[in-house]
1. More than 18 Å apart: what percent of Cα pairs in the stretch A:13-126 qualify?
2. Non-local amide H neighbours of A:S111 (under 5 Å, H modeled in plane, Pro and chain starts lacking H): which ones?
3. Compute for the protein assembly as shown: radius of gyration divided by Kirkwood radius, i.e. Rg/Rh, restricted to C-alpha atoms, rounded to two decimals.
4. Cα atoms only: what Rg and Dmax, in Å, come out for the stretch B:48-174?
5. Could you name the lysines in cross-link range of A:K42, using Cα to Cα under 23 Å and dropping any fewer than eight places away on the same chain?
6. Which value in Å does the Kirkwood hydrodynamic radius of the stretch B:142-182 take, with 1/r averaged over all unlike C-alpha pairs and then inverted?
7. Quote the relative contact order of chain B in percent (integer), defining contacts as alpha-carbon pairs under 8 Å separated by 6+ residues.
8. Taking a cut-off of 29 Å between Cα atoms, list the lysines near A:K71, but don't count ones fewer than 8 places away on the same chain.
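The values are calculated or read from the model by the stated rules, or taken from the named source; none is laboratory data. Owing to the predicted nature of the structure, the values given are computational and were not obtained by experimental measurement. When we count neighbours, we look across all protein chains shown, and the Cβ atoms used for this are built from the backbone with ideal geometry, even at glycine. These area figures cover heavy atoms from the full protein model, side chains too; ligands, DNA and RNA do not enter into them. Shrake-Rupley method; radii C 1.70, N 1.55, O 1.52, S 1.80 Å.
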Amino acid sequence: MFPMTGTAALVLAVVFGFAFGWLLDRGRVTHYDTIINQFRFKDFTVLKVMLTAIIVGGVGVLALVDLGFAKMAVRDANMGGVLLGSALFGVGMVLYGYCPGTGVAAIATGSVHALVGAVGMLVGGMLYGFNYPWLKDTVLAWWNLGRVTLPDITGVPALVFFAALAALAVALFSAVESRRL
Amino acid sequence: MTVSSLSTSTAAHGRIDWSPYLVGAGIGVLSWVVFVVVAAPIGITTAVSQLSGGLAVPLVGAEAVAQNAYWARHPMRLDYGTLFLVGTFLGALASSLAARTWRLETVPAVWAERFGPSPLKRYAVAFVGGVIAMYGARLANGCTSGNGISQGLQLAVVGWVFLAVMFTTGLLTAFILFRQPR
């Protein structure tokens, strides 16, 4: 029965996307001020949402994979592209004030500047497409580690990583909550 | 000061009071569901780059786009990722309408405090930021959702390198943009 494909999956795409967009807005990460103030350490909403999602999602997916209900979907660690791309992404995200998902969601809540930035995203995607034939033979051909995970390269079990992440999250967020950030 | 003015304005417009931890847990549970039911982790930018291919058609012609090494693999179509994007838009729209927080925003408060009330200035920087963010997301093969959350929760190297590097350059950018003038 699972995974679903065809028309059923396309209908579910809208349903799951709807849930995601709803959650982003309820988390207030559809607001420029929330996102930018994370990068100024004045508001920790973004980290609270992301770290909780990673820990809850990660432990659950790990269990579902172990039980045979799901498959891992790890992407290549193509380091040339990832290092350069992430470095650009951080700059772009702070200039825009949104990441692509929260940008799309913010347009729906009435943010005009999110819409302007989304047009920029379409242009950025276009530039990437035009540059891709060149990038593919240079940056993207430099250093590909393949579909590796942190447990793969360290030998440390996944649950240990999640326990450490959870401890880090509790320590960070209790400090943050006591300062009302 | 910001806090009190914010709460006054949100009271007038309706309010949103879900805990960010609850929202994060919700996104985590949504990840369980999508991994099992559709085997398609949450992601945004692949669909956006497919739309970029569609936008490129009037500029360089359908044939050039079809033969492009990137868009040949990611043609514009109404696939799972594109419909997820549509759903994300609709979900945020419904949430903001239900909470009565929907309102046109041209210049956000934190920006206005530092750079003044000019919408054009905000639009110009948002546009440039969008270009850079999207180009970077494609190079890194994913954004905050696809790489940060979906790869991060699988403890994939690509996800954690992405998170570490983008937070670092983001912090530097925010420091330069918002540092207090002496």
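1. Here the tail beyond 18 Å accounts for 62 percent of pairs.
2. Answer set, sorted by chain and number: B:E105.
3. On the way: Rg = 19.5 Å, Rh = 20.5 Å.
The Rg/Rh ratio comes out at 0.95.
4. Just the Cα atoms of the stretch B:48-174 yield Rg and Dmax of 17.7, 48 Å.
5. Answer for A:K42, where 23 Å is the Cα cut-off: none of the lysines qualify.
6. Values: mean 1/r = 0.0912 Å⁻¹.
Computed over Cα pairs of the stretch B:142-182, the Kirkwood hydrodynamic radius comes out at 11.0 Å.
7. Values: 107 pairs, mean separation 44.2, N = 182.
Normalised by residue count, the contact order of chain B is 24 percent.
8. Straight-line reach from A:K71, under 29 Å: A:K48, A:K136.
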